[in-house]
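The values are calculated or read from the model by the stated rules, or taken from the named source; none is laboratory data. Remember, it's a predicted structure, so these values are computed and weren't measured experimentally. Every residue, glycine among them, receives a Cβ derived from its backbone with ideal geometry; neighbour counts consider all protein chains shown. Heads up: the accessible areas ignore ligands, DNA and RNA and are worked out on the full protein's heavy atoms, side chains in. Shrake-Rupley method; radii C 1.70, N 1.55, O 1.52, S 1.80 Å.
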Amino acid sequence: MDIIEEQRRFRDSTPSRLGRGLERLTHPFGAAIASVVPKGLVETVLKGLDRAAGAPRLVQFDHDAADLEAARQAARKVSRAARSVSATTGAAAGLGGALSMSADIPATIAIALRAIRDTGRAYGYTGDGPAEKLFRLQILELAAVDEPEARRDRIAALEAALGPAGELVHADHEHIAPIVDQAVERISRAIAFTSFRSRAGMVVPLVGSIVGGLVNSSFQEDVGRAARFAFQARRLKGDASAAA
């Protein structure tokens, strides 16, 4: 698929939600669980785990990052690895029922943040700092929301962060800090509700492992798609600027 076409399709698509049917089936459990689990748990995880995203890469690659198609293929490998690892942890957590459900969420977020960082590396973006952290959080937020209007808003905000050459145009750390806090708060709300609701099947006998694997795989697919869209948008801007 042409990269421009892939970007267009992402704009028009909805999150994958492979486990949507199971989510509907277990919604009565999920509504109860989501109502008693504080989003503060997710907020604490998000604030602490971005540093953990610097852990060893999910996939080792040696392609030329200047080759956009090679970068896209490397990013797809990252996404597949994240889906595989996260599905395995979700399936294992599902065997433990409700007691292990909450413990799997920090692991899932950590894998997602590693996947986002590795996807950036695939496209040649290896920088760090507050602006890069905020960009990664914007990608995670885009992957976490599934309401169409909110999704459009998040895409617009992400693209607004890009300068004419694909550089990040956020202000200095003093101005970024409150924006990061706002992003963490929004992501916490989205993940706390949708994740706990969709994982509610873990408390249903016999299907917990299946639900855990499906939900984690679905979420990591959404993260991979959002990350490819974001970093390809940066590269396309940068390449267009260089060619002008």
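Of the residues Asp153, Asp222, Asp62, ranked by 1.4 Å probe accessible area with the largest first, the sequence reads Asp62, Asp153, Asp222. Projected label points at Ala240 and Ser13, each 7 Å from Cα along the beta carbon direction, are separated by 2.1 nanometres. The calculated FRET efficiency for Glu147 paired with Glu5, based on their beta-carbon distance and R0 = 35 Å, is about 0.90.
For region 117-174, what is the Kirkwood estimate of the hydrodynamic radius, computed as the reciprocal of the mean inverse distance between distinct Cα atoms, to one decimal in Å?
Numbers: mean 1/r = 0.0819 Å⁻¹.
12.2 Å is the Kirkwood radius here.
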